[in-house]
1. Could you tell me the relative contact order of chain A? Use alpha-carbon pairs under 8 Å, at least six residues apart, and round to a whole percent.
2. Which value in deg cm²/dmol, rounded to the nearest 500, describes the helix-derived mean residue ellipticity at 222 nm for chain B, given -39,500 (n - 2.57) per DSSP H run of n ≥ 4 and division by the residue count?
3. How compact and how long is the stretch A:111-270, expressed as Rg and Dmax of its alpha-carbon atoms in Å?
4. Measure off 7 Å from each Cα along the Cα-to-Cβ vector at residue A:223 and residue B:227, then give the distance between these two points in nanometres to one decimal.
5. Take each of the peptides B:61-70, B:136-145, average the number of other beta-carbon atoms within 10 Å over its residues, and list them starting from the highest.
6. What per residue convex hull volume, in Å³, comes out for the stretch B:130-199 when only alpha-carbon positions are used?
7. Computed over the Cα atoms of the stretch A:1-134, what is the ratio Rg over Rh, Rh following Kirkwood?
8. Per residue of A:105-113, how many C-beta atoms from partner chains lie within 10 Å of its own C-beta, taken as a mean?
Ligand SMILES: Nc1ncnc2c1ncn2[C@@H]1O[C@H](COP(=O)(O)OP(=O)(O)OP(=O)(O)O)[C@@H](O)[C@H]1O
Ligand SMILES: [Mg+2]
């Protein structure tokens, strides 16, 4: 599959959580159309509770769509996880009973990758994520940000063609966040994978992405897709550029309104 | 580890000193002195008649434990996995846990008569409830993100059970097993005391009837040493398992 082709397409994707035990059903997402281009870095921003994590679930095949269709590399995804997708969840998903090293190697070992290859990839990921000194530590001995890095590493070693990240840097401080952003950009270039990054940090989206999808309050739809026009070999220093301020300003002008809606201060009838 | 062993040694010495003190304070007849008791234990162990009783108790206990563990884990996990029945069953289990099981004993005797089955059942009744409660909570409180991760990493159902479900729930399940172990032992011995012609519980009852303080103390000491040893080992494992979570 060549660069520039459609890698993932979403058509009319909708998800309604059925009401359990007398509760109202929750219309969390859509209808929503989107096309992710092979090799692009796409970022999603939106107010809290607008359906970003839900979007990730249906994209990964962890939940099925209520309506609409998703295709990944031309094949429909319907509530089954396809090959070639890696996910970093919003919550800490490191396994507390495994060491850092065994956590990272877990997916490879389960999929019977040969031991030498596991070693090589895990070592690479360990140094990339700055976890070299914590190989034998258990997650309980790490900070929240370090645990999230373990999860990122566990995903990267599988060399997915599509990487979905849900606020992976949420528990990091601003400086580390920027540096991890640089690492992510480097990885993205190196692996030529398609990246979808969900974030609540507008500057992060503006700095990392080729395109940024701005979502409305629940049920989440794309209000606008902002093109950043950054060069491929960008890094965190672009935050000093004037365009950077213009992009974040544009994102915020949308999100201010939507975030107020999400907080219930200007809730339209459902 | 060294300070740990020293603490334990100090604790044992303190207990022995208190014991000796109590013995001297209360005068003879009520208690036997530590040294005499240990001597009596050794003599008991040297009596050929004693071993069938020990064997009887041990086999009753092991059977009761097997039933408690098997039934407790099965019921607990099933209730944990099925939300609604778990919510219905929880108050019932807790009620069962808190009533004195002795009140059930007449019913057990009525069903099983005096002998091995009655004490096995009585032991199992004591142990099964905490094992079920802990297993239920372990499964119910399982973080769903682990299952999502298993799906993403393309684990099949069997690998998910073995590599994710089991280790994720083990610490809590193990605590249940530890508590269940102690209670099953208590239950089995109680069963032996009131509804049996053999076993350590029966010996204990017989000694009480004959007012043989030395025998009572010796059997109790044996049981205490056994229970404390196993429980300490289980506690250490339990602690290790929980430290990571
Ligand atoms: N399992 C569920 N059952 C019912 N409703 C759900 C469920 N999961 C999420 N929702 C609802 O769907 C909506 C979208 O949730 P989602 O987690 O996708 O939001 P989000 O954009 O990721 O929010 P945040 O930025 O806070 O992470 C919310 O209103 C939430 O209450
Ligand atoms: Mg979310």
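1. On the way: 512 pairs, mean separation 65.6, N = 270.
The normalised contact order for chain A reaches 24 percent.
2. After summing the helix terms and dividing by residue count, I get -28000 deg cm²/dmol.
3. Spelled out, the Cα radius of gyration and Dmax of the stretch A:111-270 are 17.9, 58 Å.
4. According to this spin-label approximation, the distance is 6.7 nm.
5. Details: B:61-70: 19.9, B:136-145: 17.5.
Those peptides, ordered most packed to least, come out B:61-70, B:136-145.
6. Expressed per residue, the convex hull around the Cα atoms of the stretch B:130-199 is 94 Å³.
7. Numbers: Rg = 17.9 Å, Rh = 17.4 Å.
On the Cα set of the stretch A:1-134, Rg over Rh gives 1.03.
8. Per residue, the number of nearby Cβ atoms from other chains is 3 on average.
Taken together, the values in this text are just the output of simple stated rules run on the coordinates, not laboratory data. Since this is a predicted model, take the numbers as computed values, not measurements. Neighbour counts are summed over all protein chains in view; Cβ atoms, including those assigned to glycine, are modelled from backbone coordinates with ideal geometry.
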